[in-house]
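Undergrad: First the structure, which I've put down as structure tokens, then a few questions once you've had a look.
The values are calculated or read from the model by the stated rules, or taken from the named source; none is laboratory data. Computed from a predicted model, the values in this text were never measured in an experiment. Cβ placement follows ideal geometry from the backbone for every residue including glycine, while neighbour counts extend to all protein chains displayed.
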Amino acid sequence: MERILITGGAGFIGSHLAEKLLAQGHTVVSVDDLALGRRENFRSYANDDRFTFIEADATDVDGMEQVIRANGIERVYHLAANSDIQKSAADPGIDYKNTFATTYAVLEAMRRTGVKKLFFSSTSAVYGDKRGQALREDTGGLAPISYYGSAKLASEAFISAYSYMNGMQTLIFRFPNVIGPRLTHGVIFDFIRKLQVDPKHLEILGDGTQCKPYLYVLDLVDAIVDFSFRTREGVEIYNIGVDTATTVRKIADMVCDRLGLTDVEYRFTGGNVGWKGDVPAFQYDLSRIYATGWCAGHNSDESVRATLESLEI
């Protein structure tokens, strides 16, 4: 069993990951500044003797080094990032600090302490808007159109250099939209919030045709844990997701059904993107991860339905 650090550990994905690792017998140290993470996310295992929560800023290199040394960390899962892409569209500094600077701090703290094992949560946003092209891990000409995507791509570049220079064993997953229990933002969350205020009308950004793959968080966490403990040299990158996709309008229909609303007027803001920097549709080539034998347990529509069933509404 290992002593593991999760940055962003009180967040949506990080809290599920901590729960999975604890169930396997590992010791977990969770670092989060609680800007997006919540204490209630780890309430069910907060009293586990093998779990430690530290409220801290993951951009603090010296602080991260101290956490690693004091807790004898052997492996790092770096999930700390700004996950609210719309928010950073108005303030690019959010992604510089919370998405890129956290990565630099983690890498430098690992270099100073000699920790070699790293998992990094990247994103489909690193590819940019390449509609009509099946996105492979080796697709060239990566050109992010959001500050979030650019901060993740810059993080991947630093990870590549640090891994080479310091002999790190690094796994990178490029996620699509991840949903499930403990969801705190995104289209499903926004639709529910809007309909609770006005159950007769629903504003939908764009024209509702935006179509993306949605991955269930528990499928993702299972894959993260499984793949991260496999032997590797250097950096391995995988697209991870599902073959199917779900339109924004269909999500609206499913949310209305979950809320028991049958007479809702949809009001579209127009255009085929929800906001500037949004990629309205993309398609992954998943052949690399499928070749390992992995496959998600839920398709895109099933992920949306399972998420809606899990939420307390």
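Undergrad: What number of residues in segment 246-284 are at pLDDT 95 or above, assigned to a loop (DSSP other than H, G, I, E, B) and at negative phi?
TA: The number of residues fulfilling the criteria is 2.
Undergrad: When residues of segment 50-66 are filtered for being closer than 15 Å to R3 by Cα and either basic (K, R) or touching a strand residue (DSSP E or B) at 6+ places or on another chain (Cβ under 6 Å) (or both), how many remain?
TA: 5
Undergrad: Return the residues of segment 274-313 that are of a type in the set (V, I, T) and closer than 18 Å to T247 by Cα; say none if nothing qualifies.
TA: So the first thing to find is which residues in segment 274-313 are of a type in the set (V, I, T), and the list is 279, 289, 292, 304, 307, 313.
The answer is V279, V304, T307.
Undergrad: Within segment 76-104, which residues are within 18 Å of N177 (Cα to Cα) and either surrounded by 20 or more Cβ atoms within 10 Å (Cβ to Cβ) or not assigned by TED's automatic domain parsing to the domain that holds T27 (or both)?
TA: Taking segment 76-104 and keeping what is within 18 Å of N177 (Cα to Cα), we get 78-89, 95, 99.
Within segment 76-104, H78, L79, A80, A81, N82, S83, I85, S88, D95, T99 meet the criteria.
Undergrad: Could you list all residues from segment 1-21 that are hydrophobic (A, V, I, L, M, F, W, C) and either farther than 18 Å from R69 by Cα or crowded, with 24+ Cβ neighbours inside 10 Å (or both)?
TA: Going through segment 1-21, the residues hydrophobic (A, V, I, L, M, F, W, C) turn out to be 1, 4-6, 10, 12-13, 17-18, 21.
Residues satisfying the conditions are I4, L5, I6, A10, F12, I13, L17, A18, L21.
Undergrad: Going by what's in this entry, would S146 be described as over 20 Å from K212 (Cβ atoms) and among the hydroxyl-bearing types (S, T, Y)? First the steps, then the outcome.
TA: Details: over 20 Å from K212 (Cβ atoms): no; among the hydroxyl-bearing types (S, T, Y): yes.
When the stated conditions are applied, S146 does not pass them.
Undergrad: Could I ask something else about it? Just to check your reading of the model, which residue among I172, I159 is assigned to a helix (DSSP H, G or I) and surrounded by 15 or more Cβ atoms within 10 Å (Cβ to Cβ)?
TA: Values: I172 fails: assigned to a helix (DSSP H, G or I).
Step by step, each of I172, I159 is checked, and only I159 is assigned to a helix (DSSP H, G or I) and surrounded by 15 or more Cβ atoms within 10 Å (Cβ to Cβ).
Undergrad: Same structure, new question: Name, by its number, the condition in (1) modelled with pLDDT of 95 or more; (2) at negative phi that does not hold for P176.
TA: (1)
Undergrad: Here are the criteria: (1) modelled with pLDDT under 95; (2) of a type in the set (G, A, S); (3) touching a strand residue (DSSP E or B) at 6+ places or on another chain (Cβ under 7 Å). Tell me which single one A35 does not satisfy.
TA: Looking at each condition in turn, A35 falls short on (3).
Undergrad: Which condition number does V242 fail, the rest of (1) of a type in the set (A, V, I, L, M); (2) in contact with a strand residue (DSSP E or B) (Cβ under 8 Å, 6 or more places away or on another chain); (3) part of a helix (DSSP H, G or I) being met?
TA: (3)
Undergrad: I'd like to know if segment 117-126 contains one or more residues that are within 18 Å of S30 (Cα to Cα), polar (S, T, N, Q) and modelled with pLDDT of 95 or more. Give the derivation first.
TA: Initially, segment 117-126 is screened for residues within 18 Å of S30 (Cα to Cα), giving 117-121.
Filter once more, keeping what is polar (S, T, N, Q): 121.
From what's left, modelled with pLDDT of 95 or more: 121.
The answer is yes, given that some residue of segment 117-126 is within 18 Å of S30 (Cα to Cα), polar (S, T, N, Q) and modelled with pLDDT of 95 or more.
Undergrad: Give me the pairs: first residue in segment 289-313 and under 19 Å from I224 (Cα atoms) and touching a residue at least 12 places away in the same chain (Cβ under 8 Å), second residue crowded, with 20+ Cβ neighbours inside 10 Å and among the charged types (D, E, K, R), beta-carbon distance under 9 Å, and six or more apart or on different chains, which are they?
TA: Taking only residues 6 or more apart or on different chains, the pairs are A296/D219; G297/D219; H298/D219; S300/K212; S303/D219.
Undergrad: Restricting to segment 3-33, count the residues that are at positive phi and under 16 Å from the mean Cα position of the chain (by Cα). Steps first, answer last, please.
TA: Residues of segment 3-33 at positive phi: 8, 25.
Subset that is under 16 Å from the mean Cα position of the chain (by Cα): 8.
So the answer is 1.
Undergrad: Please find, within segment 175-212, the residue that is surrounded by the most Cβ atoms within 10 Å (Cβ to Cβ) out of those that are of a type in the set (K, R) and not in a loop (DSSP other than H, G, I, E, B).
TA: At the first step, the residues of segment 175-212 found to be of a type in the set (K, R) are 182, 193-194, 200, 212.
From the residues that got through so far, the ones that are not in a loop (DSSP other than H, G, I, E, B) too are 193-194, 212.
Working: R193: 10, K194: 16, K212: 21.
Taking the candidates together, the pick is K212.
Undergrad: Just to confirm my filter: which strands (runs of 3 or more DSSP E) fall fully inside segment 14-78 and include at least 1 residues that are in contact (Cβ under 8 Å) with a residue 60 or more places away in the chain?
TA: Values: elements: 27-32, 51-55, 75-78.
Correct list: 75-78.
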